[in-house]
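Asks: First the structure, then my questions, so here it is.
The values are calculated or read from the model by the stated rules, or taken from the named source; none is laboratory data. These numbers come from a predicted model, not from an experiment. Here Cβ is always computed from backbone atoms with ideal geometry, including for glycine, and neighbour counts include all displayed protein chains. Protein only, heavy atoms only, side chains kept; ligands, DNA and RNA dropped before computing areas. Shrake-Rupley method; radii C 1.70, N 1.55, O 1.52, S 1.80 Å.
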Amino acid sequence: MGILIGSMFGDFAWIIKALQFIWLPTLPYSYIIFFIRIAWGFVVIQYQSLALLMQSLLQKNFCPSRVEQLLFILSGSFSIYFFYLAFFEHRLINEVEREAARQLITNIPLEFRMIRYTVLYLLNLLIIPSVYTTFTKIQTQQLPKILRRQLTIFMRYLVCPYIMIEFIQTSYLVFTPLQPYIIPAVSCATMLLIYTTYYCMQKILCLRFLTSEADEKPTIPLATFHALKSSIDALGEASSVQELNHIVQFFFNQTYHIPMRATSLHLRPNDSIEYTLVAREHAVEHFLNTCSTQTGTLIEHTKILSYDSIMYDQFYNPSSTIEPIINFLTTIDSDIFIPIYNKRKLIAYIFVKRDARCQQYYTRAECDEMLLFSSYLTNIISLLQNHNIEKIMQQLKFFKDELYIKNQEINLYREGISTCAKNKAESHPGILFYHNRRFIIGNHRARTLLTINLNEQAGHRITKTLKKIALEVALYKTAQTTFIQTETGTRLLISATAHLARNYVIISITHPDVTDILLTTTDRLGNAIAWENMLHLETTHAGSLLNQFLPSTSHAMVLLKAELLRLSIRNAPIAIHACEVDAMLTGELLHTISKREKLYSICINRQTNMREIGIKIFGINQIVDKNEYERPLLEILNGVGSLYIHNVDLLDHSIQQHIADFICLGLYSPLKSEQRFTSDTRIICSTTQSLDTLHNNGNIIPTLYTQLVKYSISMPNPTTLPEVELVALIEGIWQQLITTQPLHHMLKLPEHEKLKLIQKQSASLHELKMKLHQSFSEKIQKMAFHNSPEPLYINTNAAILTPETHIFKIAQLGKHALKDQKLMTTLWRTFKNQNKIATLLKVNRSSVNRRCKEYNLL
């Protein structure tokens, strides 16, 4: 603060002088002399503060020596002299007199002699000795590394450049050739002081609070994350302590650029395994056995010992508990010591050699990354010592699966929020008014969102929905909310409220956001479905695929879609209980949602050669089978594909055991081989009977049953669905079909046809869809003109209709078709119904009746 205040008064004096020179030539020069003398007094305070700061940084508890106390007295005397001149001296206050006095060689006035003495005093007795002492301390290596780094930054980027420019600024009276450069020197000194103060204080404070217990949560860099992931993968495949040591060295080398030999992992001796201790391990064991309970507790609580951080804290805050730890780290010549505890028992430790990264220190974020890695290492060491490799592999696969799930969930959240944000790009809502059984467009936005004529197309599903909600609001005077879907597949939120004063209904139309979707769906379906599943079903591509596969909003179907979505984002195996066609379609859907590139299907039957299937999936030991080598499917599909196995219960028990081991550990062994390989292939199984029945009958071995039953799903049979659920499913499939047909407002599925479909009892969802496709195709053909040269084509797999018929062309003419007798004759022969013709042409029935009479069609 003394440095900054002194510099501020000096700059203020220069500003006054510049103002007088540029804008205020009439300003008395005595005012300028007053501020100049005050500035010289603060210059002494400024440099005395700078010397004091450099001395105080080098000592734990700074206490001025007698020489420094004498310098305080001298500095105070100089400052008091200049302050006295400012207030009580009235000589040499004219600019001409001061210029003449400055040119004198003999009989120099006392004021100018004191200025020159001040310059020599500040440089020779204050600054130069302080700078020399500081650099000497830095070179002696007696200070903590963090403090040396602070002083180096401080001296190199602030003190030395600033002193050089200030030397020019304050010594222009002594050295006459420097006088023309005084103004640029002042400007440079000010700018340099501002910038270097900001830069150095930021760096020094970051170093000072390196070991503070702040609540900051540093993020892991991407390169460190990849190195950590690779090291965890390697830990999962390690089978000896020597391999663990190499993995630890690899992690520290790739992440922190520490030489391989500078890092080492040591396991403490136990009763079952004997080790030959080296000198450094003897020192560690001696310290751990002889240290006090308080020191041991501190080490266990700290979790990582960083020599630089501990030395820095000890330098300013000495502690008797920390001193043994510093001596211990000095003895073993280590910068980092990481104790590894298992159930509060020290089982191993990692240490990094002193100055392995030259003069770089270890930040708190790096220490946290080391602790994260050591937490994984702890379980691996414990399990290796207990020879429980299988448990290691299970935990590793569990971590991988959890990471995969989190990544998929993040992607779904990102896609859902992006969809809602995109829909909300135009936040201006559309407004409709409903009065006297007619809709009135309130603004242009409503006309843009709704492309149909609500008053003329009374039979359209959107018109019916809007009219229904408007009538309910008008009747009960309560606000209503619902969703509609446009012809392009866009979902819109409809909110209706009553205007009590004018007796009409106000309807707003907007794109739904996240809260609209969650509040409306969760309230309707209850708490059985998690809100995130509903969000994903309504806003993501995966949800749109599931809604297309099961186009029903009934409670059971939504639960089923939520379960399918939950299984699809996992990397775990899936067991599907359904008929063959439904199981295959479901497996393909789950494969598509999981965004894998390849899907390989295997259908097992009674005549299948089990040996060939085993070799195809797992491969075989080349020593046993010398035929031409073929890559197994688990290798081909690793990380990029899914393996679909239909009738997995028909596999023999040995192949089932191989599959169960692969699902459990993520490792597979070729037939007749003990060698293991990793694979990330996803297994999708299907059965025509439930897993419980197959397990009870002995068709599936217990180990495979245990793995599959956790992620199994049963696709519903239409014959077992309640009538309400089946009707909702039929309506959803039918609605999905008619949205692809330009004349969809003419197509309806009467109740008696729904009842007929229910009575036919479809054996699968696929069969039910095929029946609806057939009925839909028949209705389209009836609508088409009988002599149309272009037949209608229906793609039953995708439910996409591509009609180019006369009826469609006539419908495009709208009301203009009423003027053509031929066209009206064609419509009458096709429909024999004035209401249908009016609906098709989007006109009133009275207009159709008048034209029919005119053309003698009735």
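Asks: Looking at the stretch 744-772, I want the residues that are among the β-branched types (Val, Ile, Thr) and have a partner that is at pLDDT 80 or above and open to solvent by 20 Å² or more (accessible area, probe 1.4 Å) with Cβ atoms under 8 Å, at least 6 apart or on another chain. Which pairs are those?
Replies: ILE758/GLU723; ILE758/VAL727
Asks: Taking THR378 and the conditions (1) open to solvent by less than 60 Å² (accessible area, probe 1.4 Å); (2) in contact (Cβ under 8 Å) with a residue 12 or more places away in the chain; (3) in contact with a helix residue (DSSP H, G or I) (Cβ under 8 Å, 6 or more places away or on another chain), which numbered condition does it fall short on, given that it satisfies the others?
Replies: The failed condition is (3).
Asks: Continuing with the same structure: Among the residues of the stretch 1-33, write down those that are more than 20 Å from SER49 (Cα to Cα), open to solvent by 50 Å² or more (accessible area, probe 1.4 Å) and not in a helix (DSSP H, G or I).
Replies: Across the stretch 1-33, the qualifying residues are TRP23, LEU24, PRO25, THR26, PRO28.
Asks: Take the stretch 573-587 and flag every residue that is surrounded by fewer than 20 Cβ atoms within 10 Å (Cβ to Cβ) and acidic (Asp, Glu).
Replies: GLU580
Asks: Looking at the stretch 704-714, can you tell me whether even one residue there is of a type outside the set (Asp, Glu), in a loop (DSSP other than H, G, I, E, B) and under 19 Å from ILE645 (Cα atoms)?
Replies: Of the residues in the stretch 704-714, the ones of a type outside the set (Asp, Glu) are 704-714.
Cutting the leftovers down to in a loop (DSSP other than H, G, I, E, B) gives us 710-711.
Now drop any that are not under 19 Å from ILE645 (Cα atoms), which leaves 710-711.
Within the stretch 704-714 (the criterion being of a type outside the set (Asp, Glu), in a loop (DSSP other than H, G, I, E, B) and under 19 Å from ILE645 (Cα atoms)), the answer is yes, since at least one residue qualifies.
Asks: A follow-up question, please. VAL581: modelled with pLDDT of 85 or more and on the phi < 0 side of the Ramachandran plot, yes or no?
Replies: Working: modelled with pLDDT of 85 or more: yes; on the phi < 0 side of the Ramachandran plot: yes.
Yes, satisfied.
Asks: OK, next. Is it the case, given these coordinates, that ALA51 is in contact with a Pro (Cβ under 6 Å, 6 or more places away or on another chain), surrounded by 15 or more Cβ atoms within 10 Å (Cβ to Cβ) and not polar (S, T, N, Q)?
Replies: No.
Asks: Go through (1) in contact with a Phe, Trp or Tyr (Cβ under 8 Å, 6 or more places away or on another chain); (2) open to solvent by less than 30 Å² (accessible area, probe 1.4 Å) one by one and return the number of the condition PHE42 breaks.
Replies: Of everything listed in (1) in contact with a Phe, Trp or Tyr (Cβ under 8 Å, 6 or more places away or on another chain); (2) open to solvent by less than 30 Å² (accessible area, probe 1.4 Å), PHE42 misses just condition (2).
Asks: If you take the residues of the stretch 644-699 that are within 24 Å of SER594 (Cα to Cα) and polar (S, T, N, Q), which of them is most open to solvent (accessible area, probe 1.4 Å)?
Replies: My answer is THR688.
Asks: Something else: Looking at ARG98, ARG102, which one is open to solvent by 30 Å² or more (accessible area, probe 1.4 Å), within 20 Å of ILE32 (Cα to Cα), of a type in the set (Lys, Arg) and more than 60 Å from the chain's Cα centre (by Cα)?
Replies: That would be ARG102, the only listed residue that is open to solvent by 30 Å² or more (accessible area, probe 1.4 Å), within 20 Å of ILE32 (Cα to Cα), of a type in the set (Lys, Arg) and more than 60 Å from the chain's Cα centre (by Cα).
Asks: If you don't mind, there's one more thing I want to ask. I'm trying to understand the selection: among the residues of the stretch 284-317, which are in contact with a Ser or Thr (Cβ under 6 Å, 6 or more places away or on another chain) and either of a type in the set (Phe, Trp, Tyr) or not in a helix (DSSP H, G or I) (or both)?
Replies: Those that are in contact with a Ser or Thr (Cβ under 6 Å, 6 or more places away or on another chain) and either of a type in the set (Phe, Trp, Tyr) or not in a helix (DSSP H, G or I) (or both): none in the stretch 284-317.
Asks: Would you check if GLU674 is assigned to a helix (DSSP H, G or I) and either at pLDDT below 85 or within 43 Å of the chain's Cα centre (by Cα) (or both)? Explain how you work it out, then say what you get.
Replies: Working: assigned to a helix (DSSP H, G or I): no; either at pLDDT below 85 or within 43 Å of the chain's Cα centre (by Cα) (or both): yes.
Spelling it out, it is not the case that GLU674 is assigned to a helix (DSSP H, G or I) and either at pLDDT below 85 or within 43 Å of the chain's Cα centre (by Cα) (or both).
Asks: Which of (1) farther than 15 Å from GLY41 by Cα; (2) modelled with pLDDT of 80 or more; (3) surrounded by 13 or more Cβ atoms within 10 Å (Cβ to Cβ); (4) of a type in the set (A, V, I, L, M) does LEU74 not meet, given it meets every other one?
Replies: Only one criterion is unmet by LEU74, namely (1).
Asks: So, one more: Test of understanding: among LEU519, LEU525, LEU559, LEU546, which residue is open to solvent by 10 Å² or more (accessible area, probe 1.4 Å) and modelled with pLDDT of 75 or more? Before you say what the answer is, go through the steps one by one.
Replies: Working: LEU519 fails: modelled with pLDDT of 75 or more; LEU525 fails: modelled with pLDDT of 75 or more; LEU546 fails: open to solvent by 10 Å² or more (accessible area, probe 1.4 Å).
Only one candidate passes the filter, namely LEU559.
Asks: Could you name every one of the helices (runs of 4 or more DSSP H) located completely within the stretch 368-478 that has at least 3 residues being over 30 Å from THR302 (Cβ atoms) and at pLDDT below 80?
Replies: 389-423
Asks: Right, next: Could you check, for the stretch 341-348, whether at least one of its residues is open to solvent by less than 40 Å² (accessible area, probe 1.4 Å), modelled with pLDDT under 85 and assigned to a loop (DSSP other than H, G, I, E, B)?
Replies: For the stretch 341-348, residues open to solvent by less than 40 Å² (accessible area, probe 1.4 Å), modelled with pLDDT under 85 and assigned to a loop (DSSP other than H, G, I, E, B): absent.
Per-residue answers, yes or no, for (1) surrounded by 16 or more Cβ atoms within 10 Å (Cβ to Cβ); (2) under 26 Å from ARG845 (Cβ atoms); (3) out of contact with any Gly (no Cβ under 7 Å at 6 or more places or on another chain):
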residue	(1), (2), (3)
THR465	no, yes, yes
VAL473	yes, no, yes
TYR476	no, no, yes
ALA479	no, no, yes
PHE483	yes, no, yes
LEU492	yes, no, yes
SER495	yes, no, yes
ALA498	yes, no, yes
VAL505	yes, yes, yes
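Asks: If a residue has to be open to solvent by 30 Å² or more (accessible area, probe 1.4 Å) and in a helix (DSSP H, G or I) to count, how many in the stretch 832-858 make the cut?
Replies: 10
Asks: I would also like to ask the following. Report, by residue number, each residue of the stretch 91-104 that is touching a residue at least 40 places away in the same chain (Cβ under 8 Å) and in a loop (DSSP other than H, G, I, E, B).
Replies: LEU92, ILE93, ASN94 - these are the residues of the stretch 91-104 that are touching a residue at least 40 places away in the same chain (Cβ under 8 Å) and in a loop (DSSP other than H, G, I, E, B).
Asks: Of all residues in the stretch 133-181 being β-branched (Val, Ile, Thr) and outside any helix (DSSP H, G or I), which is modelled with the lowest pLDDT?
Replies: Quick first cut of the stretch 133-181, residues β-branched (Val, Ile, Thr) only: 133-134, 136, 138, 140, 146, 152-153, 159, 163, 165, 168, 170, 174, 176.
This time we only want the ones that are outside any helix (DSSP H, G or I), so: 140, 174.
Details: THR140: 69, VAL174: 56.
Among them, the one singled out is VAL174.
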